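The values are calculated or read from the model by the stated rules, or taken from the named source; none is laboratory data. Fair warning: this is a prediction, and the values are worked out from it, not measured in the lab. Cβ coordinates were reconstructed from backbone atoms using ideal geometry, including for glycine residues, and neighbour counts include every protein chain displayed. Ligands, DNA and RNA are excluded from the accessible area calculation, which covers all protein heavy atoms including side chains. Shrake-Rupley method; radii C 1.70, N 1.55, O 1.52, S 1.80 Å.
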Amino acid sequence: MSTPSLSALPIRRLTPRDLTACADLSEDRGWPREEHKWGLLLSAGTGYGIDDPDRPGLVAACVVTQYGPYENPGLSAIGMVLVAERHARKGIGRHLMRHVVAAAGTTPLTLHATPNGRPLYEQLGFKTVGRAEMVRGRLVTEGPEEGAPGITTRAATAEDLSTLIRLDTEVFGLDRTHIITRLPAFTDQLRVAEANGEIVGYAGAWPNMETHVVGPLIARDTDTAKALIASLAARTDRPLRTDIDVRHEELLAWVKAHGLESVAFNSVMTYGIPELAGDWTRRFAPLTVAAG
């Protein structure tokens, strides 16, 4: 099939019924299948896909997660942009991304770009506004509250949910209720940090292949972030993985000193806004780079 016809294939909305096809596409590109993450993204966001004209399955896919008012979102995060290996470098990714950008209208966009993906996004008008460092490994500490005087952690309860939503909205800068309310079911652990009886941070750990991904990680300060990560690590036998904003140099130095290693860097990019909203000083790691 010629390149022009491939790059003109129709794009459709995906639904949770497409989860297996999305996981197959991930596997085709050498990624983990990540059914658990695909399930969250397809239910909380909007998936876009291109059906393979020659066989069952998808040629390409991505997911867009919107934040803020439903009728007038303040931000859309693009993630899981994938093109089947046999159709790579034929303009399909550009075709899909142009459709997503056009569908967003005036809504600002953000994404985490790998070094390989960044040139395409730059050509489409995205600007780099930050970086995130992926770290992975087994955290070794002397105790779950190491380095966190006056901070205690505990499992989140249903009664905490409204407080977590308020805190998250303040730090993220936009309402993420549709994501936060899914965390109790999505995560294996959801914990809060308290100081003087007040919730000053929260973090989740969710299963991703053989690891537990730490995210979101929202915390008043670095000591609170350390306490949350340590408390999650103390309650799992899996290695941890997370993506930390590189401006949080102290936290990155701490996790590396306690057993985690640098795996990769991603560029945080935006389209239509010069920088992301919210308070980056308290936003340490995303739920997943696919959802911003």
Self-check item: Leading residue by the ranking (most open to solvent (accessible area, probe 1.4 Å)) among those in the stretch 167-191 that are part of a loop (DSSP other than H, G, I, E, B) and among the polar types (S, T, N, Q)
Solution: THR181
Practice problem: Tally the residues that are among the aromatic types (Phe, Trp, Tyr) and within 17 Å of the chain's Cα centre (by Cα), restricting the search to the stretch 57-113. | Solution: 1
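Quick check on the stretch 192-204: of everything there that is touching a residue at least 24 places away in the same chain (Cβ under 8 Å) and open to solvent by 20 Å² or more (accessible area, probe 1.4 Å), which residue is farthest from the chain's Cα centre (by Cα)?
For the stretch 192-204, the residue satisfying everything is ASN196.
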Exercise. Please verify whether the stretch 72-84 includes one or more residues that are in contact with a His (Cβ under 8 Å, 6 or more places away or on another chain) and over 28 Å from TRP206 (Cα atoms).
Key: no
Quiz prompt | Tally of residues being within 27 Å of PRO115 (Cβ to Cβ) and part of a helix (DSSP H, G or I) across the stretch 33-81 | solution = 7
Exercise. Determine whether the stretch 93-109 contains at least one residue that is open to solvent by 80 Å² or more (accessible area, probe 1.4 Å), within 21 Å of GLU249 (Cα to Cα) and touching a residue at least 40 places away in the same chain (Cβ under 8 Å).
Key: no
Self-check item: the stretch 141-163 residues that are acidic (Asp, Glu) and at pLDDT below 95, paired with ones that are part of a strand (DSSP E or B) and open to solvent by 60 Å² or more (accessible area, probe 1.4 Å) (beta carbon under 9 Å, 6 or more apart)
Solution: GLU145/THR152
Quiz item: How many residues are open to solvent by 40 Å² or more (accessible area, probe 1.4 Å) and not hydroxyl-bearing (Ser, Thr, Tyr) when one looks only at the stretch 20-37?
Solution: 10
Quiz item: Any residue in the stretch 276-292 that is at pLDDT below 95 and either farther than 25 Å from LEU40 by Cβ or crowded, with 22+ Cβ neighbours inside 10 Å (or both)?
Solution: yes
Quiz item: Counting only residues that are touching a Gly at 6+ places or on another chain (Cβ under 6 Å) and part of a loop (DSSP other than H, G, I, E, B), which one in the stretch 224-283 is nearest to LEU109 (Cα to Cα)?
Solution: ALA277
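Kindly indicate the residue of the stretch 54-77 that is among the β-branched types (Val, Ile, Thr) and free of Cβ contacts under 8 Å to residues at least 60 places away in the same chain and also nearest to LEU14 (Cα to Cα) among those meeting that condition.
VAL64
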